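Peer 1: Please read through the structure below; I'll follow up with questions.
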Amino acid sequence: MSNLRTVEIPRNAFVVNPDFQLMDVVETLLQAQESRTRRQQEYFGLGDCDGQSPYSVALAQIDAAIGRLKQARCAMQSLSQHQHQWDASDYCAICGADGRA
């Protein structure tokens, strides 16, 4: 039996292999963000556009991503330093580690 599945991928979607390193994924996303922002800025610069500059929007998104990365780092650091709390099935209630492994 095959593990292959058919999926529909929307236009401009990113497909991320779970084996990719985080920095590779971030770099890919940042390159796409930069390219898209430059294209949007060209149209924005022509006039007749309402709202914020695409650069302002992109900077706000990057700031939000930095904040989320800081939250993820804090959570990961907390997990790395926790004491296992084994439940009746010998799995850690915090991280899910198998106590029989």
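Peer 1: In whole angstrom, note down how far apart the Cα centers of the stretch 6-30 and the stretch 41-101 are.
Peer 2: For the stretch 6-30 versus the stretch 41-101, the Cα centre distance is 16 Å.
Peer 1: While we're here: Could you work out the helix-only [θ] at 222 nm for the chain, with each DSSP H run of four or more residues adding -39,500 (n - 2.57) and the total divided by the number of residues, to the nearest 500 deg cm²/dmol?
Peer 2: Computed mean residue ellipticity for the chain: -18000 deg cm²/dmol.
Peer 1: Let me have the relative contact order for the chain, percent, based on Cα pairs under 8 Å that are six or more residues apart.
Peer 2: Working: 35 pairs, mean separation 10.7, N = 101.
RCO, the chain: 11 percent.
Peer 1: To continue, here is another question. Go through the stretch 15-31 residue by residue and turn each phi into a ³J(HN,Hα) via Karplus (6.51, -1.76, 1.60, θ = phi - 60°); whole Hz please, and just put x for glycine and proline.
Peer 2: Couplings: 10, 10, 6, x, 7, 5, 6, 4, 5, 5, 5, 4, 4, 4, 5, 5, 4 Hz.
Peer 1: Another question, then. Rounding to the nearest 10 and keeping the result within 0 to 90°, find how far the Cα-based axis of helix 54-80 lies from the longest principal axis of the chain.
Peer 2: Roughly 10 degrees, rounded to the nearest 10.
Peer 1: Multiply the residue gap between residue 22 and residue 83 by 0.36 nm, knock off their C-alpha separation, and tell me the result in nm, one decimal place.
Peer 2: Extending this stretch completely gives an extra 19.3 nm.
Peer 1: Spin-label point model (7 Å from Cα, Cβ direction): what's the residue 49 to residue 69 distance in nm?
Peer 2: For the pair residue 49/residue 69, the computed spacing is 2.5 nm.
Peer 1: To continue, here is another question. Where is the GNM fluctuation largest for the chain (alpha-carbon springs, 10 angstrom cutoff): 50, 63, 19?
Peer 2: Largest GNM mean-square fluctuation: 19.
None of the figures in this text is laboratory data; all of them are computed from the coordinates on show. A quick note: this is a predicted structure, and the numbers were derived from the prediction, not measured. A quick note on method: Cβ atoms are made from the backbone with ideal geometry, for glycine too, and the neighbour counts reach across all protein chains shown.
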